[in-house]
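Working notes, beginning with the structure itself.
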Amino acid sequence: MNKLVKLYHTLGSPPSFYRIAGYFLTPLLLLALGLTAYGLVDGLFFAPIDYQQKDAYRIIFVHVPSAWMSMFIYAMMGIAAIMAFVWRMKVAEAVMMASAPIGAAFTVITLVTGMLWGKPMWGTYWDWDARMTSELILLFLYIGVMAMYAAFDDDPRKAARLTALVAIIGLVNLPIIHYSVEWWSSIHQKSSVKLTGSTGIKDWDMLRPLLVMAFATKFYYGYSMLHRARSYLLHTESQKQWAQAALGLDTPKKQNKEQSNG
Amino acid sequence: MVEWFDMGGYEYFVWGSMLCFFVVMLADGLSLRSKKKQAERLVFSRFRRKNK
C-alpha cells in the first residue's frame, strides 16, 4: 500500500491518532513558548521604530500573526469539515471541533488588538469597514459552529455532521476577509507582508519578529488543537476499550488473564 | 529602562494589546486542562459502570 494512504488510514483511526498526537504535545508547546518569548522581546524592544506610526506599530507583532491564524485555523477547520461531512471520519470531526475555540480565541485577539491599534492611528476604536466587519463575521462563524455542536451534543455524530455543514458554508468568508482591503475602500491598511511587489514591511529587523511570532502561533495552534482533539476523542469514545486503556484502565477480563498468567 | 516600557506615549495601546494576547492564550490553555479532565472523568465513570 502507498505509504501516504497507509499514513492517512493510521491517522484516521482514533486510537492511533490519540497515541501519535501525544508525542507532539510537549515539543509543540516548547516551540510555541520559546518562539513567543523571542519574538515579543525582539519585536517590542529591539525592532526599529516605524517612521510613521512610531512605537504604536509594535502591536503588529500580536495583531498580524493572530489575524493570520484566525483565517488559517478556519481554513483548517473547513478542510476537516469537508472530510468529516464526506467521509464521516471521527478524527476529522475531532480536528474540526478542536479548531473552533482556538480560532475564536485568535479572532478575539485580532479584533481587540486591532481596536487598540486603530484608536491612536485612525482616531477611533471601531469602524464598520469591510475588513473589520468581515473579521467580526468570522468570530460569529466560530461561535455559530460551537453553538451548533452544543445544541445537538447528545448525538455527537449528528452534531458533527450539521456543524461541518455550517463550517463549510462559512469558508466563503475567507476570501472576503483577505481581499476586503483591495475590493472596497477601507481605512484599514493593505497587507503588511507580501511576497511580491513593493508594498509591505521590507526591513528585516521588523520582519523577523513578525515571522517568528507567526511560527509561534502556528505551533501553539498545533499544540492546542491536538490537545483538544485528544480530549474530544476520549469524550466521544469513552465507552470504547481503547479510551479506557489509554488512561491505564484495564478491563476485568484482561486483569483475570494477567492473574492466570502470573 | 523606563523608556523601553514607555513606548513613545503609546504604552496603553501596546501593553494593552500584549495583555489581551496573554489573557486569551492563558484562558485557552486553562480550558484545555478542564476539557481533558472532563473527558477523563467520563471515561472513568463509564469504566466503573461497565465493571460494576
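The values are calculated or read from the model by the stated rules, or taken from the named source; none is laboratory data. As the structure is a prediction and not an experimental result, all values here were calculated from the model. Methodologically, a virtual Cβ is constructed for each residue, glycine included, from the backbone with ideal geometry; neighbour enumeration extends over all protein chains shown. Ligands, DNA and RNA are excluded from the accessible area calculation, which covers all protein heavy atoms including side chains. Shrake-Rupley method; radii C 1.70, N 1.55, O 1.52, S 1.80 Å.
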Principal-axis tilt of helix A:204-236 within chain A, Cα atoms, nearest 10 degrees:
30 degrees
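Total accessible area buried between chains B and A, 1.4 Å probe, in Å² to the nearest 100?
Chains B and A together bury roughly 3400 Å² of accessible area.
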Enter the Cα centre distance for the pair the stretch A:218-251 and the stretch A:118-175, rounded to the nearest angstrom.
26 Å
Go through the stretch A:28-38 residue by residue and turn each phi into a ³J(HN,Hα) via Karplus (6.51, -1.76, 1.60, θ = phi - 60°); whole Hz please, and just put x for glycine and proline.
5, 5, 5, 4, 4, 5, x, 5, 5, 4, 5
Summing -39500 (n - 2.57) over every DSSP H run of at least 4 residues in chain A and dividing by its residue count gives a helix-only mean residue ellipticity at 222 nm, to the nearest 500 deg cm²/dmol, of -25500 deg cm²/dmol
Label-point separation in nm, B:Tyr12 to A:Tyr23, each point 7 Å along Cα→Cβ
5.2 nm
Starting from the Cα of B:Arg49, move 7 Å in the Cα-to-Cβ direction to define the label point; list residues of the stretch A:211-253 whose amide nitrogen is under 12 Å from there.
A:238-240
Hull surface over four for the Cα convex hull of the protein assembly as shown, reported in nm², is 21.0 nm²
Expressed in angstrom and rounded, the centroid-to-centroid distance over alpha carbons for the stretch A:29-104 and the stretch B:21-52 is 23 Å
Is the shape of the stretch A:140-230 rounded, prolate or oblate, going by the alpha carbon gyration tensor and its root eigenvalues a ≥ b ≥ c, with a/c under 1.5 for rounded and a/b larger than b/c for prolate?
oblate
With all protein chains present, calculate the accessible area of B:Lys35 using a 1.4 Å probe and round the result to the nearest 10 Å².
100 Å²
Chain A: longest stretch without exposed chymotrypsin sites (Phe, Trp or Tyr not before Pro) (DSSP loop, at most 13 other Cβ within 10 Å), sites themselves excluded?
A:129-262
When all alpha-carbon pairs of the stretch B:1-49 are counted, what percent fall beyond 14 Å?
68 percent
XL table A:Lys158/A:Lys190; A:Lys3/A:Lys218; A:Lys6/B:Lys36; A:Lys158/B:Lys36; A:Lys218/B:Lys50; A:Lys6/A:Lys158; Cα-Cα > 31 Å flagged, in table order, is A:Lys158/A:Lys190; A:Lys218/B:Lys50
Suppose accessible area is computed on protein heavy atoms with a 1.4 Å probe; arrange A:Ile201, A:Ile176 from highest to lowest.
A:Ile176, A:Ile201
Per the C-alpha gyration tensor (a ≥ b ≥ c, the square roots of its eigenvalues), the stretch A:123-191 is rounded if a/c is under 1.5, else prolate if a/b beats b/c, else oblate; here it's prolate
Once A:Leu136 and A:Lys202 are pulled to full extension, the length gained, defined as 0.36 nm per residue separation minus their Cα-Cα distance, is 20.8 nm
So what is the relative contact order of the stretch A:22-261, in percent, for Cα pairs below 8 Å that sit 6 or more residues apart?
32 percent
Computed lengthening from A:Asp250 to A:Lys54, 0.36 nm per intervening residue step minus Cα-Cα distance:
64.4 nm
Cα long-axis angle, helix A:130-151 against chain A (0 to 90 degrees, to the nearest 10)
20 degrees
With r as the distance between the Cβ atoms of B:Phe5 and A:Tyr125 and R0 = 25 Å, compute the FRET efficiency 1/(1 + (r/R0)^6) and round to 0.05.
0.60
What angle do you read, to the nearest 10 degrees and between 0 and 90, between the alpha-carbon axis of helix B:11-50 and the longest principal axis of chain B?
0 degrees
Taking the Cα centre of chain A as the origin, how large is its charge dipole in debye, to the nearest 20, when only Lys and Arg (+1) and Asp and Glu (-1) carry charge on their Cβ atoms?
900 debye
Contour minus Cα-Cα span, A:His188 to A:Thr10, at 0.36 nm per residue, comes to 59.6 nm
